[in-house]
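Everything on this sheet refers to the single structure shown next.
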Amino acid sequence: IGHSIGEYVAACLADVFSLEDALHLVSMRGRLLQRMESGAMLAVMLPEAEITPYLNVDCDLAAVNGPELCVLSGSLTAIETVEGSLESKGIASRRLHVSHAFHSAMIEPMLPSFIDMVGKIGPRRPKIAFLSNLSGDWITPQEATDPGYWGRHLRGTVRFGDGLHELLSNPARILLEVGP
């Protein structure tokens, strides 16, 4: 499992992408994202069901990282508005140190170029199982090899909490966290 861009590491380890291709995609992804309008992200200590009223055309659910930890993403104005509303209700939130609204509608203009790039690379069937951030379940060979999946992965909600739940459902698994 990887969180957002970390899924490229999982895909690389599963041989969906070669290391060179994965680095190329991550680099291209970064360059395309930098061309998008600036945005903001906000971590909120609420379950998904309680965060939904704050979502609108300018504010998306970027990630569900745990039972009571979600991340919102959107325009600076939308995130400031939600932040103020949450603060007035005594709900804990924290602004993330990012320049763009990842996993939000604000990145949609870059998706065709990115999907095209993934298609040219030609992802392969995974040789080892890994979890999808889109579903929080094991990725299928059809998903892993579909360039459109990687576009949806870039835009869609990261369901990391669901993925962790799936991993932890088998007590025989040993988990190793690897960071920078």
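Run the helix sum for the chain: -39,500 (n - 2.57) per DSSP H stretch of 4+ residues, divided by residue count, reported at 222 nm to the nearest 500 deg cm²/dmol.
Helices in the chain give a 222 nm mean residue ellipticity of -12000 deg cm²/dmol.
At 1.4 Å probe size, what's the solvent-accessible area of ASP58? Round to the nearest 10 Å².
So the heavy atoms of ASP58 present about 80 Å² to solvent.
Which log10 I(q)/I(0) values, to two decimals, does region 28-154 give at q = 0.10, 0.12, 0.17 Å⁻¹ under the Debye formula with one point per Cα?
-0.37, -0.52, -0.92
Would you list GLU7, GLU50 from the most to the least accessible area, probe 1.4 Å?
Most to least solvent-accessible, the answer reads GLU50, GLU7.
Using Cα centres only, tell me the gap between region 24-45 and region 148-180 in whole Å.
Rounded to whole Å, the Cα centres lie 19 Å apart.
In nm, what is the difference between 0.36 nm times the number of residues separating LEU167 and LEU76 and their Cα-Cα distance?
Full-extension gain reported as 29.3 nm.
Accessible area of the chain with a 1.4 Å probe: how many percent of it is carbon plus sulfur?
Here carbon and sulfur together make up 58 percent of the probe-accessible area.
With a 1.4 Å probe and all protein chains left in place, how much accessible area per residue does region 62-180 have, in Å²?
I get 54 Å² per residue for this part.
The values are calculated or read from the model by the stated rules, or taken from the named source; none is laboratory data. None of these values were measured; they are calculated from a predicted model. Quick note on the areas: whole protein, heavy atoms, side chains included, nothing else; ligands and nucleic acids left out. Shrake-Rupley method; radii C 1.70, N 1.55, O 1.52, S 1.80 Å.
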